[in-house]
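These notes are about the structure you will find just below.
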């Protein structure tokens, strides 16, 4: 490239969005190649929320910022694919607890490995401690905007 890099004058918000989009695209492509072509980024957010003891569809809807119906459709898809299952709610009632299955937990391990590999490749291409500094600065920016009330990552894209 000759001349000044136009990205150096690009607003920070756009740079953050482009970087996120490119990393997410790479992440999804690698998971597709492994065989997880039936999953989309929204499903990864659901898996993150279900780690541990699980959640109800209503809790998922609130955390994802979608309607209860949309959350129910997402859970239906993941249940048909074998990644989650609905169980009776521990405190009784009509509610169901959505939990990861062994297949869902295996996907989480695989996705974590793939994301770690992508970050390693990015770190290898940056200056010494480049990603560490970037991580610290992004964490500082998030804290300055959100304080201790850090919002969950939601599917705004």
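Worth pointing out:
- Principal-axis tilt of helix 41-50 within the chain, Cα atoms, nearest 10 degrees: 60
- Two-site FRET efficiency, residue 23 against residue 129, from Cβ-Cβ distance with R₀ of 22 Å, rounded to 0.05: 0.70
- Theoretical gain in end-to-end length, residue 95 to residue 79 [0.36 nm per residue, Cα-Cα removed]: 4.2 nm
- Mean separation of Cα contacts under 8 Å (6+ apart) over length of the chain, as relative contact order %: 21
- Subtracting the Cα-Cα distance of residue 144 and residue 117 from 0.36 nm times their residue separation leaves 6.8 nm of extension gain.
- Directionally averaged shadow of the chain, computed from the convex hull of its alpha-carbon atoms, nm²: 11.9
- On the beta carbon distance between residue 51 and residue 5, with R0 = 41 Å, the FRET formula returns roughly 0.55.
Just so you know, all these numbers are worked out from the coordinates, no wet-lab data involved. If you're wondering where the values come from, they're calculated on a predicted model, not measured in any experiment. As a convention, Cβ positions derive from the backbone with ideal geometry for all residues, glycine included, and neighbour counts pool all protein chains shown.
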